[in-house]
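A short worksheet on the structure shown next.
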Ligand code: NAP
């Protein structure tokens, strides 16, 4: 019996089999969770249905987090099917591509800033707000995905930095408010992984190569590794962990300067 047996979970943010949410869904399914999925736009529907089929799920729901009606409809469908929910995985982020190439001040706009924050940060609060009534009395958990750019300035990450900083503040405020209801809220700060969203950041290949050279483990991380940590964090094994950002980055954020040998390697 897996450590998520009996848990019912919503997985958002699958755009391809390389999506971080896809690695999370696989790990959670392996540990016995029953899954529902959301997809954004008809284009992604069949891909998400394939993953749902592979994890014996038939609840596949449309969700554009900029639409309140979609959020309401998703949780109504979950209430009808399951009457409650134990876990919400928020694996959603977006900023207009032109804001992710060049300098921060050079590219930032009022509209782009608002959009990045709406989709990447506010949406976590919106999902938490909608899930809350369905999570009562269940030792429930919400989890989001963030990146080091929330905490440190990272070239080209630009407006996503402030958006992720806002998301991480959401983790703490939501954890504080939902803790008395035994609902936990955490974030995973993942190292760079080649996904569709990542491909939108100019110079992403450079981020992968620096992380590989500088991380204590001297490699990049995988969606399977993020998935395993996510499965743990939303399970009862992590019952005293809330309001935290857990780094799954091969140790990168703990290094101040790259460790190089005398030969410069
Ligand atoms: P991904 O596969 O492209 O997933 C991003 C997901 O967000 C996609 O399914 C995307 O759908 C969805 N999304 C965007 N706008 C949305 C909206 N309005 N409503 C609903 N869904 C929307 O990329 P990923 O790398 O797995 O990203 C997942 C999360 O991990 C993001 O929060 C990202 O910032 C974070 N993260 C990624 C990395 C990395 O290096 N890859 C590192 C740390 C953290 P569409 O494709 O239709 O837009």
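Would you check which residues across the range 28-61 are farther than 16 Å from residue 90 by Cβ, within 14 Å of the ligand (Cβ to nearest atom) and either assigned to a loop (DSSP other than H, G, I, E, B) or touching a helix residue (DSSP H, G or I) at 6+ places or on another chain (Cβ under 8 Å) (or both) and list them?
Within the range 28-61, 41, 51, 60 qualify.
Find all pairs meeting these conditions: Cβ atoms under 8 angstrom apart; at least six residues apart or on different chains; first residue within the range 89-113 and at positive phi; second residue in a loop (DSSP other than H, G, I, E, B) and buried (at least 22 other Cβ atoms within 10 Å of the Cβ).
102/158
Give me the residue from the range 63-83 that is farther than 16 Å from residue 45 by Cα and assigned to a loop (DSSP other than H, G, I, E, B) and, out of that set, nearest to the ligand (Cβ to nearest atom). Outline the logic, then answer.
Going residue by residue through the range 63-83, those that are farther than 16 Å from residue 45 by Cα are 66-69, 71-73, 75-83.
The next check asks that each one be assigned to a loop (DSSP other than H, G, I, E, B); those that pass are 66-67, 83.
Values: 66: 5, 67: 8, 83: 25 Å.
Top of the filtered list is 66.
Which condition does residue 232 not pass, out of (1) within 14 Å of the ligand (Cβ to nearest atom); (2) farther than 25 Å from residue 260 by Cα; (3) in contact with a helix residue (DSSP H, G or I) (Cβ under 7 Å, 6 or more places away or on another chain), if it passes all the others?
Here residue 232 meets the rest and fails (1).
Provide a single number: the residues in the range 183-206 that are surrounded by fewer than 22 Cβ atoms within 10 Å (Cβ to Cβ), within 11 Å of the ligand (Cβ to nearest atom), in contact (Cβ under 8 Å) with a residue 12 or more places away in the chain and farther than 30 Å from residue 130 by Cα.
2
Got a sec? Which of 218, 253 is assigned to a loop (DSSP other than H, G, I, E, B), touching a helix residue (DSSP H, G or I) at 6+ places or on another chain (Cβ under 9 Å) and surrounded by fewer than 21 Cβ atoms within 10 Å (Cβ to Cβ)? Show your work before the answer.
Values: 253 fails: assigned to a loop (DSSP other than H, G, I, E, B).
So the residue among 218, 253 that is assigned to a loop (DSSP other than H, G, I, E, B), touching a helix residue (DSSP H, G or I) at 6+ places or on another chain (Cβ under 9 Å) and surrounded by fewer than 21 Cβ atoms within 10 Å (Cβ to Cβ) is 218.
Check 73, 101 and return the single one that is out of contact with any helix residue (DSSP H, G or I) (no Cβ under 8 Å at 6 or more places or on another chain) and more than 25 Å from residue 224 (Cα to Cα).
On the way: 101 fails: out of contact with any helix residue (DSSP H, G or I) (no Cβ under 8 Å at 6 or more places or on another chain).
Being out of contact with any helix residue (DSSP H, G or I) (no Cβ under 8 Å at 6 or more places or on another chain) and more than 25 Å from residue 224 (Cα to Cα) holds for just one of 73, 101, which is 73.
Give me the pairs, please: first residue somewhere in the range 143-164 and in contact (Cβ under 8 Å) with a residue 12 or more places away in the chain, second residue anywhere and assigned to a loop (DSSP other than H, G, I, E, B) and surrounded by fewer than 22 Cβ atoms within 10 Å (Cβ to Cβ), beta-carbon distance under 6 Å, and either six or more positions apart or on two chains.
That search, which allows pairs on different chains as well, returns 156/202; 156/203; 159/108.
Readers should treat all values here as calculations from the given coordinates under stated rules, not as data from a laboratory. These numbers were taken from a predicted model, which means no experiment stands behind them. Ideal geometry is used to build each Cβ from the backbone, glycine not excepted, and the neighbour counts take in all protein chains shown.
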